[in-house]
Amino acid sequence: WHWRRPDDGRSSDRSFSLVSLNVLADEYCHRKNFEYCRPHEILHWKSRSKALRHILPRLDADILCLQEVDHFDDFWQKELTSLGYRCDYCQRGIDYEDGSRSRSESPKKDGCLVAWRCERFRKVSAEGVNMNLLADLAD
């Protein structure tokens with residue numbers, strides 16, 4: 001990441017805000033795992049997306065790190081772009097060398113997303129990391 005100063009060039013403040021959230025992918029959002037949630041309808045994507053749409057602008061983060069992200073094409077990309085972010089999304093089980101699905105993993109519909117305010121940062125490079133393969137190396 002490279003810091004981009006405001007256009008006036010006078011500011012030397014290099015502070016920024018970062019928020020990390022697990023946004024709960026549909027695949028893991030089972031009523032039996034969240035018995036304490038009432039009403040149970042709040043677990044449905046329609047309710048959760050409405051709440052996220054309300055919360056995201058209020059976070060006012062310079063960088064967002066989101067886990068268990070699904071609905072990238074039909075929600076996240078559009079919402080984050082409208083709030084002035086650019087983002088990179090890495091779906092689980094994808095081999096980022098050639099774009100194929102890793103043979104060692106079952107298909108997953110979620111992944112991780114990093115979003116940054118484009119007026120404050122610019123992407124220099126990115127690399128997807130398959131965390132499951134890294135865990136195998138540690139054994």
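If we only count strands (runs of 3 or more DSSP E) wholly inside the range 17-92, which ones have 1 or more residues that are among the small types (Gly, Ala, Ser) and open to solvent by 80 Å² or more (accessible area, probe 1.4 Å)?
Filter on the range 17-92 gives an empty set.
What single numbered condition from (1) under 22 Å from Arg86 (Cα atoms); (2) modelled with pLDDT under 95 fails to hold for Ser12?
(1)
Only residues in the range 102-122 that are among the aromatic types (Phe, Trp, Tyr) and crowded, with 17+ Cβ neighbours inside 10 Å count as the first member; pair them with residues that are in a loop (DSSP other than H, G, I, E, B) and modelled with pLDDT of 90 or more, Cβ under 7 angstrom, at least 6 apart or cross-chain, and list the lot.
Partner pairs satisfying both residue conditions: Trp116/Asp62.
So which pairs qualify, if the first residue must be in the range 52-74 and aromatic (Phe, Trp, Tyr), the second must be open to solvent by 30 Å² or more (accessible area, probe 1.4 Å) and in a strand (DSSP E or B), the Cβ gap must be under 7 Å, and the two must be at least 6 apart or on different chains?
Matching pairs, first to second residue: Phe72/Tyr89.
Write out, first by first residue and then by second, each pair whose Cβ atoms fall under 7 Å of each other, whose residues are 6+ apart or on separate chains, and whose first residue, in the range 21-38, is on the phi < 0 side of the Ramachandran plot and of a type in the set (Lys, Arg) while the second is surrounded by 12 or more Cβ atoms within 10 Å (Cβ to Cβ) and part of a helix (DSSP H, G or I).
From the range 21-38, the pairs are Arg31/Leu43.
The values are calculated or read from the model by the stated rules, or taken from the named source; none is laboratory data. In this text, all values refer to a predicted model and were calculated from it rather than measured experimentally. Reconstructed Cβ throughout: ideal geometry from the backbone, glycine too, with neighbour counts over all protein chains shown. For accessibility, only protein heavy atoms count, side chains too; no ligands or nucleic acids. Shrake-Rupley method; radii C 1.70, N 1.55, O 1.52, S 1.80 Å.
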